[in-house]
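Engineer: Below: one structure in structure tokens.
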Amino acid sequence: MDRILLRFSEENVAEPITSQVILELGIPMRIVTATVNSSGGDILVEVPKVHVQQIVKAFQAKGVVVKFPKLIEVDSDKCIDCGACYALCPVDAISYDKDYSVVFDDKICIGSPCGLCVDACPARAINLVEQQRNSKK
Ligand code: SF4
Ligand code: SF4
């Protein structure tokens, strides 16, 4: 799956563009997070890699700006389980394991549209990386 960020403007935010594209293409998409108001906003969706170009073109044709957000990569060797990231995560993508080590859930994490934990980490254990877009999963 690929993650794409759909950026809506004040002019097109009131239109049901996301559902139109899903119906027109017949391709399921998972909405990861949405921050939208009457001035516009962003919707982060997860889409099948094999259909990503088709989906991007369909949204662009309707005036939506499409970006590929970066994802986080955690270096567990550097992590000292301090918990500074845990308190900041707006979507509860970070939790504690039974042994009090910190665990990241990449299905929930927003990635570069958020990035709060990256700057907060004192050990520099978290990086934002480009999505791997050459596999077919
Ligand atoms: S990038 Fe944001 S959403 Fe993802 S784990 Fe860090 S704080 Fe949570
Ligand atoms: S802020 Fe960095 S060092 Fe602290 S728990 Fe999170 S990833 Fe580990």
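FYI, it's all coordinate maths here, none of it is from the lab. Treat the numbers as computed from the prediction; the structure is a model and nothing was measured. Cβ coordinates were reconstructed from backbone atoms using ideal geometry, including for glycine residues, and neighbour counts include every protein chain displayed.
Engineer: May I have the count of lysine pairs in the chain with C-alpha atoms under 27 Å apart, counting pairs 8 or more residues apart or located on different chains?
Structural biologist: 27
Engineer: Label Ile80 and Val129 with points 7 Å out from Cα along Cα→Cβ: what is the distance between them in nm?
Structural biologist: The two pseudo-label positions are separated by 2.3 nm.
Engineer: In addition: Enumerate cysteines in the chain without a disulfide-compatible partner, where compatibility requires another Cys Cβ under 4.7 angstrom.
Structural biologist: Cys79, Cys82, Cys89, Cys109, Cys114, Cys121
Engineer: Specify, per residue and in Å³, the volume enclosed by the convex hull of the alpha carbon atoms belonging to the chain.
Structural biologist: Each residue corresponds to 117 Å³ of Cα convex hull volume.
Engineer: Looking only at the stretch 60-84, which residues have a backbone nitrogen under 19 Å from a spot 7 Å from the Cα of Ser9 in the C-beta direction?
Structural biologist: It comes to 60-68, nothing else.
Engineer: Follow-up question, since we're still on this one. For the chain, take the longest principal axis of its alpha carbons; what is the angle in degrees between that and the long axis of helix 52-61, to the nearest 10 within 0 to 90?
Structural biologist: Value to nearest ten degrees: 50.
Engineer: Once you've got the GNM for the chain with C-alpha springs shorter than 10 Å, pick whichever of Val64, Val91, Val52 has the biggest mean-square fluctuation.
Structural biologist: Val91
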